[in-house]
1. One residue is enough: does segment 80-90 have a residue meeting the conditions touching a Cys at 6+ places or on another chain (Cβ under 6 Å) and either of a type in the set (Val, Ile, Thr) or in contact (Cβ under 8 Å) with a residue 60 or more places away in the chain (or both)?
2. Look through LYS37, LYS65, LYS95 and report the one residue that is among the basic types (Lys, Arg), closer than 30 Å to ASP332 by Cα and in the same structural domain as ASP121 (by TED's automatic domain parsing).
3. Restricting to segment 305-318, count the residues that are without any contact (Cβ under 8 Å) to a residue 24 or more places away in the chain and in a helix (DSSP H, G or I).
4. State whether one or more residues within segment 291-304 are out of contact with any Cys (no Cβ under 7 Å at 6 or more places or on another chain), modelled with pLDDT of 95 or more, within 17 Å of VAL145 (Cα to Cα) and part of a helix (DSSP H, G or I).
5. Looking at ILE169, ILE158, which is the one that is within 17 Å of the chain's Cα centre (by Cα) and either closer than 28 Å to GLY342 by Cα or surrounded by 22 or more Cβ atoms within 10 Å (Cβ to Cβ) (or both)?
6. For segment 68-168, which fully contained strands (runs of 3 or more DSSP E) count at least 3 residues that are out of contact with any helix residue (DSSP H, G or I) (no Cβ under 7 Å at 6 or more places or on another chain)?
7. State yes or no: is TYR238 farther than 30 Å from LEU304 by Cα and either at pLDDT 90 or above or basic (Lys, Arg) (or both)?
8. Would you tally the residues in segment 1-18 being in contact (Cβ under 8 Å) with a residue 40 or more places away in the chain and not charged (D, E, K, R)?
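The values are calculated or read from the model by the stated rules, or taken from the named source; none is laboratory data. Nothing here was measured: the structure is a model prediction, and the numbers come from that model. For neighbour counting, all protein chains shown are included, and Cβ atoms are generated from backbone atoms with ideal geometry for every residue, glycine included.
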Amino acid sequence: MTAHEYSHPERILLNSGQSLPDIRVAYHTFGELNADKSNVVLICHPLTADSNPLNWWGAIVGPNKAIDTNRYFVLCSNVLGGCYGTTGPSSINPKTGTPYGLSFPIITIRDMVTVQRHLCDHLGIERIHMVIGGSMGGMQALEWVAQCPDRVHACVSIAATSQVSPLAIAFDSVGRHAILNDLVTHTSGPSSGLAIARQLGHITYLSEEALEAKFSRQLQDADAFQYHMAPEFQVESYLSYQGNKFVNRFDPYAYLYLTKAISYFDLAHHYGSIEAALGPSHASFLIMAIRSDWLYTSKQSKTLVYELMKQNKHVSFVEIDSDYGHDTFLIDSDETRAVIHGFLDSL
């Protein structure tokens, strides 16, 4: 494993029409490129992760694992707009000498992939053997195929969608409002809005079955009425813990911009149709859904699979039967690992 930083020498035009200069990209590499550079596996990370998949996908990536770093050259970069080394709203604006903050331009999933494409150009990588990601990472994987149809041999999109639903947009919008209220008023402390946004997001990552199995209606103490309006149920305490832990590792501005990028994601709208977006590609697809995921549902994944089948694409679909909800691809990895391993071998 090696950590790197790449500085792009030219301004990059964004989907919004604005542009950014001096973009820095933090990325990690694993394994060795073969002679013809045909063994590249590009991993696109989910919303709050970083460029080191060992930190969040250690059961999947590594020597002799599903994505075998003894066989493949694995590349993962922190996305544009992030807060783990790549240029984002907490970066210094060269015009002012201060952090961008809310003056950072709006970005999209398409912009994230554009920056990744420039990174691959810099590394001399012309062909991606497989691009893979879960959630926001799965959206990037699909955008890679749409943006670079001749460059991607295989695409794996896990617990993602080609068009973010109004429900998902609504949850992220409420989270952003909590953060923006903090940034404007600071009446609740500078980090409470981010903690609330994380709590709200974490609810969508779980499922009713998971919450029932883990917490049910259990109180922290045997007797009720002990905490007045403080967290009294175990599930409340759990969410508070998740929120407080999150504010110590993530930037509120990055959360604003990345969730906004997710809300904008709609392949059919941007390219005119799913057929126009993915039709030019000859890639093999693996679409993975999670039965209990109500953020990016199995129904949405099946709709995408149907569109790919109509285009006579080589597409496989797997629905993971898990009660863990959206986060299954991160926390319950046995079946995910087996399917990814099998798909890679089939290539």
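1. Within segment 80-90, the first condition is being touching a Cys at 6+ places or on another chain (Cβ under 6 Å), and the residues that meet it are 90.
From what's left, either of a type in the set (Val, Ile, Thr) or in contact (Cβ under 8 Å) with a residue 60 or more places away in the chain (or both): 90.
Yes, the conditions are met somewhere in segment 80-90.
2. Numbers: LYS37 fails: closer than 30 Å to ASP332 by Cα; LYS95 fails: closer than 30 Å to ASP332 by Cα.
The unique qualifying residue is LYS65.
3. The initial filter retains those residues of segment 305-318 that are without any contact (Cβ under 8 Å) to a residue 24 or more places away in the chain, namely 305-306, 309, 312.
Still in the list and also in a helix (DSSP H, G or I): 305-306, 309.
Going through segment 305-318 one residue at a time, the tally reaches 3.
4. The answer is yes; a qualifying residue exists.
5. Values: ILE169 fails: either closer than 28 Å to GLY342 by Cα or surrounded by 22 or more Cβ atoms within 10 Å (Cβ to Cβ) (or both).
Among ILE169, ILE158, only ILE158 is within 17 Å of the chain's Cα centre (by Cα) and either closer than 28 Å to GLY342 by Cα or surrounded by 22 or more Cβ atoms within 10 Å (Cβ to Cβ) (or both).
6. Counting at least 3 such residues, we get 73-77.
7. On the way: farther than 30 Å from LEU304 by Cα: yes; either at pLDDT 90 or above or basic (Lys, Arg) (or both): no.
No: the conditions fail for TYR238.
8. Within segment 1-18, the first condition is being in contact (Cβ under 8 Å) with a residue 40 or more places away in the chain, and the residues that meet it are 1, 3, 5-6, 8, 12, 14-16, 18.
Restricting the remaining residues to those that are not charged (D, E, K, R) gives 1, 3, 6, 8, 12, 14-16, 18.
Adding up the residues that qualify gives 9.
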